[in-house]
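Report on one structure; see the data block that follows.
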Amino acid sequence: MAAERRRRAGGDLRGLLLRIREEGKDGIPRHPYLYELDVEISLVGGSCRSPVEKFWNGSSAMYILQKATHNEESDSMEESRTEDAFYASEVLPKESPGALALSVGRAKQLISLYTMLQNPNMTSLGMSDLAVLPPLWARCDGSDPQHTCWIGAEPLKAANKVTGLNIYMVSCDGPTADKTRFPNLEDLKMEHKIRHHSSIVTTKGFAQYELIAAAAIEDTIVESGSNIYVDITWNGVEKILETPPTISAATLNVALESGDPRSPVFQLYRELQFLLALSEGLKTGVTEWPEPSESESALKLVQEFLTDLKKKLNGDYIFEDKNEAEKIKCDTAAVESCIKSIFGERGDLDFTEQLWCKMKSVSSYQELVDCFTLVIKSLERGEIQPWIHQGSSSFLSQLIQQSYHGKMEGVSLSDITPIQMLLEVGLEKMKKDYVSFFIGKSRSSLLSQDYFISTSVDLQEQVHRVQKLHHMLEIMVSCTGLLQFRHENLFPLTQICMKYYKENPLNEKHVFQLPIRPALVKKFYQNDNPEVWKVEISSGHGQKEVKTTWQVSTNAPVEHGTSNSSGFLSDSTVNGSSEERLYFITMTQCSQVQFT
């Protein structure tokens with residue numbers, strides 16, 4: 001009777017897993033499926049973040065099993081469902097404190113059924129077509145002595161046939177600052193040898209250090225979603241929590257959000273925000289104007305600007321020392337000089353760019369119209385003959401060029417025309433600001449066929465691309481200011497950012513990765529505690545390879561099994577290198593089931 005129930009349960013599970021897999025071929029299903037009233041099954045893959053990525057590096061789609069959520073409404077609706085016990089939920093499996101875990105016993109039962117389904121020798125099940133199913137992972141509640149939080153099963157394949165399974169047991173404990181609870185590396189290696197009957201094992205280390213905090217001076221860092229950290233891997237680990245050797249492989253990871261008031265380019269960011277407000281106003285008809293300035297109004301600044309230009313034309317103007325302007329120009333031979341120059345105004349601003357600097361503080365539509373009215377009247381009367389950059393294509397630049405010949409077309413400063421005129425001027429100015437940072441006077445090397453500064457797309461898209469440029473600038477400035485990167489390090493990072501943004505929309509959550517030498521950033525982490533440190537002990541080769549992984553991390557590796565999801569410092573914490581971090585301890589053990 002028990003064997004019959006097991007076969008029936010296995011058949012039901014197989015049918016549901018096959019159905020989920022088929023429906024997932026056209027895209028990962030948004031909704032979980034119900035199995036035996038107490039288990040939710042979801043297919044996770046594609047762009048969905050894997051909930052087991054911290055301890056399993058598989059890249060294929062997988063089944064995630066967790067305890068089903070129930071309430072009176074869902075129970076009553078269950079009676080009306082006729083189709084394979086399927087129901088809809090608005091989210092994929094929750095990686096949150098509310099994610100419901102199965103008992104360890106129930107998870108083991110489901111893994112056992114999955115193993116039976118994948119076994120080609122189980123002819124009694126009457127399955128002529130043994131399809132290879134995706135890996136399966138079950139959330140566990142940690143109720144056993146080992147505090148098991150996940151159990152997983154991964155098929156081993158040869159010529160599209162399943163030859164066995166890797167079974168993973170993941171346990172989690174902590175957080176703790178008591179390092180006496182950390183095992184000895186030799187004991188871990190011996191335990192692995194005994195479990196897997198192996199005489200030779202290899203070790204591989206991994207450490208992750210947060211650099212944005214380690215490199216920051218006083219309170220100069222961003223507390224938002226920004227982060228700069230380094231991942232380091234090396235072979236031949238000698239002891240638990242050892243500092244990575246200099247011969248390690250390292251990857252710099254940069255995720256940065258724009259807009260920190262302490263950033264050296266914050267003023268440029270504020271200009272960009274006004275540019276975005278104009279762009280949005282052009283699109284929706286509603287513009288959010290800046291608050292009126294406590295100092296001089298934009299209209300007064302424009303009046304003074306035009307008066308100075310008239311004096312220049314009449315020969316009554318005392319010219320400023322050009323050497324001072326030259327001092328803030330970019331030195332194209334060194335990126336560091338470009339960084340310094342971008343913090344101030346460029347020394348080659350033309351008339352429209354200087355006008356933007358006066359008008360970026362306009363506080364109303366009427367003030368905008370009044371400013372442009374003054375400019376256009378001065379041009380029509382020939383009172384000014386301003387200089388503009390060659391190739392400038394804004395509508396105002398066209399009017400200026402016409403004024404050189406004493407003929408200007410009529411301009412109606414109504415509706416969206418003034419907003420579009422100012423947006424065009426601001427776009428041209430800001431594009432040149434970014435160009436002066438990235439490549440100085442030469443456009444040839446980095447801007448990728450002028451993708452980022454192209455005028456062949458509409459204004460909205462041009463603004464979007466300028467946003468990308470600003471995000472890249474923030475990244476370069478942070479790496480220069482915090483990590484003291486020089487040109488040879490910034491150049492490849494810039495290329496990586498530009499390649500990404502040529503193909504993707506703006507995404508300030510994206511993590512940009514750059515392979516580096518550990519020595520480049522070692523001074524920032526050598527006396528610091530890692531965010532993550534793990535050792536991987538392995539034996540065997542190919543499909544016979546098995547691994548044991550021991551890891552500590554300041555953040556909980558799973559959220560369904562702990563109430564604390566972030567790192568803390570113990571009560572005895574002091575500033576400096578003697579900080580005692582609270583660490584979660586995670587152990588992942590692998591065993592194999594061979595079918596052939």
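Taking the criterion of being open to solvent by 50 Å² or more (accessible area, probe 1.4 Å) and either at pLDDT 60 or above or on the phi > 0 side of the Ramachandran plot (or both), the residues of the range 555-575 that qualify are ASN555, GLU559.
Residues of the range 53-74 being modelled with pLDDT under 65 and more than 12 Å from LEU34 (Cα to Cα), which ones? Scanning the range 53-74 gives ASN71, GLU72, GLU73. The residues of the range 192-205 that are under 16 Å from LYS534 (Cβ atoms) and either among the charged types (D, E, K, R) or open to solvent by 40 Å² or more (accessible area, probe 1.4 Å) (or both), listed by number, are THR202, LYS204.
Looking at the range 482-521 only, could you name the residues that are among the charged types (D, E, K, R) and at pLDDT 90 or above? I'd like the intermediate steps shown before the answer.
Taking the range 482-521 and keeping what is among the charged types (D, E, K, R), we get 486, 488, 499, 502-503, 508-509, 517.
Within the range 482-521, LYS499, LYS502, GLU503, GLU508, LYS509, ARG517 qualify.
Between VAL535, VAL457, VAL466, VAL521, the distinction of being exposed (fewer than 14 other Cβ atoms within 10 Å of the Cβ) and among the β-branched types (Val, Ile, Thr) belongs to VAL457 only.
Can you tell which of ARG8, ARG49 is free of Cβ contacts under 8 Å to residues at least 40 places away in the same chain, of a type outside the set (Gly, Ala, Ser) and surrounded by fewer than 16 Cβ atoms within 10 Å (Cβ to Cβ)?
Numbers: ARG49 fails: free of Cβ contacts under 8 Å to residues at least 40 places away in the same chain.
Going through ARG8, ARG49 in turn, just one is free of Cβ contacts under 8 Å to residues at least 40 places away in the same chain, of a type outside the set (Gly, Ala, Ser) and surrounded by fewer than 16 Cβ atoms within 10 Å (Cβ to Cβ): ARG8.
Yes or no, residue by residue, for (1) out of contact with any His (no Cβ under 9 Å at 6 or more places or on another chain); (2) in the same structural domain as TRP137 (by the TED database); (3) not in a strand (DSSP E or B):
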{"position": "ARG7", "(1), (2), (3)": "yes, yes, yes"}
{"position": "GLY10", "(1), (2), (3)": "yes, yes, yes"}
{"position": "LEU13", "(1), (2), (3)": "yes, yes, yes"}
{"position": "ARG21", "(1), (2), (3)": "yes, yes, yes"}
{"position": "PRO29", "(1), (2), (3)": "yes, yes, yes"}
{"position": "LEU37", "(1), (2), (3)": "no, yes, yes"}
{"position": "LEU43", "(1), (2), (3)": "yes, yes, no"}
{"position": "GLU53", "(1), (2), (3)": "yes, yes, yes"}
{"position": "SER60", "(1), (2), (3)": "yes, yes, yes"}
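Residue count for the range 234-261 satisfying the condition of being at pLDDT 95 or above, within 26 Å of the chain's Cα centre (by Cα) and open to solvent by 50 Å² or more (accessible area, probe 1.4 Å): 1. Give me a count of the residues in the range 138-151 that are touching a Ser or Thr at 6+ places or on another chain (Cβ under 9 Å) and either in a strand (DSSP E or B) or among the aromatic types (Phe, Trp, Tyr) (or both). Number of matching residues: 4. Could we say that SER394 is over 15 Å from LEU306 (Cβ atoms) and assigned by the TED database to the domain that holds GLU424 here? Yes: the conditions hold for SER394. From the list GLN354, GLN273, the one residue that fits, being within 33 Å of the chain's Cα centre (by Cα) and either closer than 16 Å to ASP433 by Cα or at pLDDT below 85 (or both), is GLN273.
I want to confirm something. Restricting to the range 349-387 and keeping residues that are polar (S, T, N, Q) and free of Cβ contacts under 8 Å to residues at least 60 places away in the same chain, which single residue is farthest from PHE274 (Cα to Cα)?
Looking only at the range 349-387, we keep the residues that are polar (S, T, N, Q), and these are 352, 354, 361, 363-364, 366, 373, 378, 385.
Still in the running and free of Cβ contacts under 8 Å to residues at least 60 places away in the same chain: 354, 366, 373.
Numbers: GLN354: 16, GLN366: 17, THR373: 21 Å.
The selected residue is THR373.
Of these, THR115, THR163, which one is in a strand (DSSP E or B) and over 30 Å from TRP533 (Cβ atoms)? Write out each step before concluding.
Numbers: THR115 fails: in a strand (DSSP E or B).
Of the residues listed, the single one that is in a strand (DSSP E or B) and over 30 Å from TRP533 (Cβ atoms) is THR163.
The values are calculated or read from the model by the stated rules, or taken from the named source; none is laboratory data. Note that the structure is predicted; figures quoted are calculated from it, not measured. All Cβ positions, glycine included, derive from the backbone under ideal geometry; neighbour counts span all protein chains shown. All accessible areas refer to the heavy atoms of the entire protein, side chains included, with ligands and DNA or RNA removed. Shrake-Rupley method; radii C 1.70, N 1.55, O 1.52, S 1.80 Å.
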